[in-house]
Amino acid sequence: MPMKPKKNLLQVKESVEVFTPPEAVYPLLPFIPKGVVWESSDFGGAAITSVLRKAGREVVGSHIKDGQDFFSYQPEKWDVRVTNPPYNIKDSWLAHSYELGKPFFLLLPVDALASLSRGKLYKKYGAGVLIIENRVSFIVPSGKANNWFSSMWLIGNL
């Protein structure tokens, strides 16, 4: 049974969405296995999707605002998932990612390595990490870039 967050993104009053710049995706390209990539936080213009498609990858996108909640929806065909999940529900997102049983790459703050609940997941399933050399300048809805923490790609089920 997947662990679901207490609130979904549409119930959270403050904006929790930040957008991934292409520079955060480039270092990951050589590590993504072959197959269809699911970008499970794609609002229709995600840089992750754009970069992967330009690299010749087949990508399917979904977003909760389109009625495709990550915790209850999966595309018909996908082999690997690459996304920048909502950080306010990262524990639930990570647990469900492992439960799906397919390779995934989650763009997270480096401090997401620490916590008892996540540590138990890493011990049970294993995890890989690709630290992004420079801080990622995420784009917030207002258009201003923010880079107040170091980021990594957390790799699971590989």
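The values are calculated or read from the model by the stated rules, or taken from the named source; none is laboratory data. Computed from a predicted model, the values in this text were never measured in an experiment. All Cβ positions, even for glycine, are placed from backbone atoms using ideal geometry, and neighbour counts span all protein chains on display. Side chains are part of the model used for accessible areas, which takes the heavy atoms of the whole protein and leaves out ligands, DNA and RNA. Shrake-Rupley method; radii C 1.70, N 1.55, O 1.52, S 1.80 Å.
Computed with a 1.4 Å probe over protein heavy atoms only, the accessible surface of the chain comes to 54 Å² per residue. Size descriptor for region 84-158, Kirkwood hydrodynamic radius: 13.0 Å (Cα pairs only, one decimal). Which of the following values of P(r) over Cα pairs in 10 Å bins from 0, in percent was calculated from the structure shown: (i) 10, 43, 39, 7; (ii) 11, 43, 35, 8, 2, 0; (iii) 12, 42, 31, 13, 2? Checked against the structure: label (i). For region 54-111, trypsin sites (Lys or Arg not before Pro) are listed when DSSP marks them as loop and at most 11 other Cβ atoms sit within 10 Å of their Cβ; the list is K77. Relative contact order of region 66-119: 38 percent, from C-alpha pairs under 8 Å at least 6 residues apart in sequence.
Once neighbouring chains are kept in place and the probe is 1.4 Å, which whole percent of the accessible area of region 57-158 is contributed by carbon and sulfur? Carbon with sulfur: 51 percent of the solvent-accessible area. For a straight C-alpha distance cut-off of 16 angstrom, the aspartates and glutamates reachable from K34 (same-chain residues fewer than eight places away being disregarded) are E58, D79.
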